[in-house]
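The structure appears right after this line, and notes come after that.
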Amino acid sequence: MNYTFKNIAFTQKEFFNLKCAMGEFRRIVRDSAYKKCHLGTVKSEDKHVHELLDIAESIMSKLNQIEWLNHQSK
């Protein structure tokens, strides 16, 4: 199922805070997926964490696209 949002508008401050919160979530998940140690970076074997990272990356990509499209339409 897909969710579409029609007639929903964010203020610039709301959108900025949404991107910041999503970016922070992505950072936390990425740090869980790839831990740094004295030997280098170790990839977690937890598939759920990597699935969350893929979802976070996808959402951030869509937010960036929304922001770009919004600037193009002005």
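Could you look through region 37-59, keep only residues that are free of Cβ contacts under 8 Å to residues at least 24 places away in the same chain and aliphatic (A, V, I, L, M), and pick out the one that is nearest to residue 70 (Cα to Cα)? Per the criteria, the residue is 55.
For the structure I just gave you, tell me whether residue 21 is aliphatic (A, V, I, L, M) and part of a loop (DSSP other than H, G, I, E, B). Steps first, answer last, please.
Numbers: aliphatic (A, V, I, L, M): yes; part of a loop (DSSP other than H, G, I, E, B): no.
Answer is no for this residue.
Any chance you could count how many residues in region 1-36 are farther than 16 Å from residue 67 by Cα, among the basic types (Lys, Arg) and surrounded by 14 or more Cβ atoms within 10 Å (Cβ to Cβ)? Qualifying residue count, region 1-36: 2.
Candidates are the residues of region 37-74 that are assigned to a helix (DSSP H, G or I) and either in contact with a His (Cβ under 7 Å, 6 or more places away or on another chain) or basic (Lys, Arg) (or both); the one that is surrounded by the fewest Cβ atoms within 10 Å (Cβ to Cβ) is 47.
Given the structure, is residue 18 at negative phi and touching a residue at least 24 places away in the same chain (Cβ under 8 Å)?
Criteria met by residue 18.
No value in this document is a laboratory result; all are computed from the given coordinates. Keep in mind the model is a prediction, meaning the values are calculated, not measured. Positions of Cβ are generated from backbone atoms using ideal geometry, with glycine treated the same way; all protein chains shown enter the neighbour counts.
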